[in-house]
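Have a look at the structure below, then the notes.
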Amino acid sequence: MKRGLPGWAQRLRVTLWTLIIPPATWAAHFLFSYLWAAINCAKVGEFATFPTLFVAGTVVALLVILGSGWIAWVQTRLPGGSAPHEDSTDIDRLRFLAKSTLLLAGLSFFAVIFTALPVVFLGDCR
């Protein structure tokens, strides 16, 4: 087992809860985006020229998703037998959950970016 940050990621126990983190972060960012736009339009009447709070929320969401994806990527590279990993063993279950988490992290990363794009292209609240 490796020492340092990759070793730490390998020692984490992957469960279904870790699988949920990337899409839950995407959903939280989606809710945050709509609340931010609604509150900003109600109070100011237009989007800010550089929405610091919105950019900070988007960066935090992307960092959480990247961290989750990186941990999943480290766990998919654990030494073991060759593919396909379809046996009912602990290491095959771990690889399945890690690969699923990695794919969901990729999807969630681009979904957060697409959720943030209207703030870049839309300037007013009409």
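The values are calculated or read from the model by the stated rules, or taken from the named source; none is laboratory data. In this text the structure is predicted, and so the values were computed from the model without any measurement. Note: ideal-geometry Cβ built from the backbone for every residue, glycine included; neighbour counts use all protein chains shown. Heavy atoms of the whole protein, side chains included, go into the accessibility calculation; ligands, DNA and RNA do not. Shrake-Rupley method; radii C 1.70, N 1.55, O 1.52, S 1.80 Å.
Can you confirm whether PHE109 is farther than 19 Å from ASN40 by Cβ and without any contact (Cβ under 8 Å) to a residue 12 or more places away in the chain? Spelling it out, it is not the case that PHE109 is farther than 19 Å from ASN40 by Cβ and without any contact (Cβ under 8 Å) to a residue 12 or more places away in the chain.
Of a type in the set (Gly, Ala, Ser) and open to solvent by 30 Å² or more (accessible area, probe 1.4 Å): is that true of GLY123 in this structure? Show your work before the answer.
Numbers: of a type in the set (Gly, Ala, Ser): yes; open to solvent by 30 Å² or more (accessible area, probe 1.4 Å): yes.
For GLY123, the condition - of a type in the set (Gly, Ala, Ser) and open to solvent by 30 Å² or more (accessible area, probe 1.4 Å) - is met.
Of the residues LEU78, LEU117, LEU107, the single one that is surrounded by 11 or more Cβ atoms within 10 Å (Cβ to Cβ), of a type in the set (A, V, I, L, M), out of contact with any His (no Cβ under 6 Å at 6 or more places or on another chain) and part of a helix (DSSP H, G or I) is LEU107. From the list PHE109, PHE96, the lone residue that is in contact with a helix residue (DSSP H, G or I) (Cβ under 9 Å, 6 or more places away or on another chain), modelled with pLDDT of 80 or more and closer than 22 Å to THR18 by Cα is PHE109.
Scoring GLY45 on the criteria (1) over 15 Å from the mean Cα position of the chain (by Cα); (2) open to solvent by 90 Å² or more (accessible area, probe 1.4 Å) leaves a single failure, condition (2). Taking into account only those residues within the stretch 1-47 that are at pLDDT below 70 and hydrophobic (A, V, I, L, M, F, W, C), which is farthest from SER108 (Cα to Cα)? Ranking the qualifying residues of the stretch 1-47, first place goes to MET1.
Return yes when SER88 is free of Cβ contacts under 8 Å to residues at least 40 places away in the same chain and of a type in the set (S, T, N, Q) and no when it is not. In short, yes.
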